[in-house]
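The values are calculated or read from the model by the stated rules, or taken from the named source; none is laboratory data. None of these values were measured; they are calculated from a predicted model. Here the Cβ positions follow ideal geometry from the backbone for every residue, glycine too, while neighbour counts run over all protein chains shown.
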Amino acid sequence: MSSESGTPGLPAPPPTGTSALPAGTYDGDTVFVTGGGTGLGKAIAIEFARLGASIVVASRSSDHLAAGRAAIEAVGAEVEVVECDIRDAEAVGAAFDAAEDRFGLPRVLVNNAAANFPSPAEDLSPNAWRTVVDITLNGTFLVSREFARRHLAAGSPASIVNVGASYAWTGGPGFAHSAAAKAGVKNLVETLAVEWGPFGIQVNGLVPGLFPHEDMTDDIREGLEQAGGPMDGHADRQPALRVGERRELGWAATFLASPYARFISGHTLVVDGANWQRRTLANPPITTVRDQLGRGAFLLED
Ligand code: COA
């Protein structure tokens, strides 16, 4: 991809199958990935697996668990899958019991599971709001808490990576529920890194930019396509003049939880080719979220 003026954009990354870290960096480690059966969670899990980690995939969906298992087995790593709704503290405890039974206590936790769909704020039902905040923010806390308590009791070092979103800083029109929840997740990174650092637990955040993948929910994909045409037509809308390759997110995650990043904690790393800082001298005309989503005028129901 290049711009109209011929500028090349950011170079393409090394090919699939290459790693940013030495082979075997995660030999003997287990990595627990929530929502690791699909999309970006799966991509992150694969990069840990390539570097020697055993993987535990936690998900509500048996289909997603099967997909996660297949992806990890395909790179030749050990994998355990556990059905778990991260909103349920007891289920989270049971998931860690299952992980420990199979591999011992995971050294790394990737809080990737989240809930999201676009909606004008005024159309969100109380339960829709609650559901997204409950999965994204409360679920992230419950899983982190369970993981940290086990490490504190064992006196073992550990690392947490929370998958975030750049609208944690900017707000996210059309995503009030998710943006507010992700702001909470980013804030937790900063609090928990300080609370748990003395016990050897790092806590960092990782924010993906646009990484098209086949598991994108239909409403998010359709929203992007409406705004910018087919997914591969989005490259020229990024300062990088390209979208992200999933392995680039995996490399960032594996670095953050690795021995080479031991002095990095409380940090949220954005992997988006600077897209979230993009500004123009003059803004395009405002289109309301209702119009962007093809909703008619807001009407109070009787
Ligand atoms: N638009 C508006 N409201 C929605 C919605 C949508 N697309 N999807 C769910 N809701 C509302 C439901 O109507 C319900 O509210 P109500 O009781 O007032 O009707 C509330 O949210 C809970 O929905 P429910 O389906 O019972 O919750 P759930 O626990 O099964 O899961 C999601 C809800 C959001 C997690 C679901 O949409 C989902 O699984 N999404 C795919 C995974 C995902 O979001 N990945 C993140 C991509 S960034």
Exercise for the section: Find all pairs meeting these conditions: Cβ atoms under 7 angstrom apart; at least six residues apart or on different chains; first residue within the range 110-132 and within 8 Å of the ligand (Cβ to nearest atom); second residue of a type in the set (D, E, K, R) and in a helix (DSSP H, G or I). Expected result: Phe117/Asp219; Pro118/Asp219
Fill in the blank from the handout: Of the residues in the range 216-231, those that are part of a helix (DSSP H, G or I), out of contact with any helix residue (DSSP H, G or I) (no Cβ under 8 Å at 6 or more places or on another chain) and exposed (fewer than 14 other Cβ atoms within 10 Å of the Cβ) come to Asp218, Asp219, Ile220
Handout entry: Where a residue in the range 179-204 is among the acidic types (Asp, Glu) and its partner, wherever it lies, is at pLDDT 95 or above, with Cβ under 8 Å and at least six apart
Key = Glu190/Gly266
Completion exercise
Checked pairs for the range 38-51, first within 16 Å of Gly164 (Cα to Cα), second among the charged types (D, E, K, R) and in a helix (DSSP H, G or I), C-beta under 6 Å and 6 or more apart or across chains, list as Ala43/Arg246
Handout entry: Residue tally, condition in contact with a strand residue (DSSP E or B) (Cβ under 8 Å, 6 or more places away or on another chain), of a type in the set (A, V, I, L, M, F, W, C) and within 21 Å of Val185 (Cβ to Cβ), over the range 93-131
Key = 8
Handout entry: The lone exception for Ser54 - which of (1) within 22 Å of the chain's Cα centre (by Cα); (2) at positive phi it fails
Key = (2)
Exercise for the section: Would you mind telling me which numbered condition in (1) at pLDDT 95 or above; (2) surrounded by fewer than 23 Cβ atoms within 10 Å (Cβ to Cβ); (3) under 24 Å from Gly209 (Cβ atoms) Val33 fails? Expected result: (2)
Practice task
Could you tell me whether the range 200-221 includes any residue that is among the aliphatic types (A, V, I, L, M), within 16 Å of the ligand (Cβ to nearest atom), modelled with pLDDT under 95 and more than 13 Å from the chain's Cα centre (by Cα)?
Solution key: yes
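Residue-by-condition table, conditions (1) among the polar types (S, T, N, Q); (2) touching a Gly at 6+ places or on another chain (Cβ under 8 Å); (3) crowded, with 23+ Cβ neighbours inside 10 Å; (4) modelled with pLDDT under 95:
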| residue | (1), (2), (3), (4) |
| --- | --- |
| Gly24 | no, yes, no, no |
| Lys42 | no, yes, yes, no |
| Ala45 | no, yes, yes, no |
| Ala53 | no, no, yes, no |
| Ala89 | no, no, no, no |
| Leu105 | no, no, no, no |
Handout entry: Number of the exception - Arg247 against (1) part of a helix (DSSP H, G or I); (2) crowded, with 21+ Cβ neighbours inside 10 Å; (3) within 16 Å of the ligand (Cβ to nearest atom)
Key = (3)
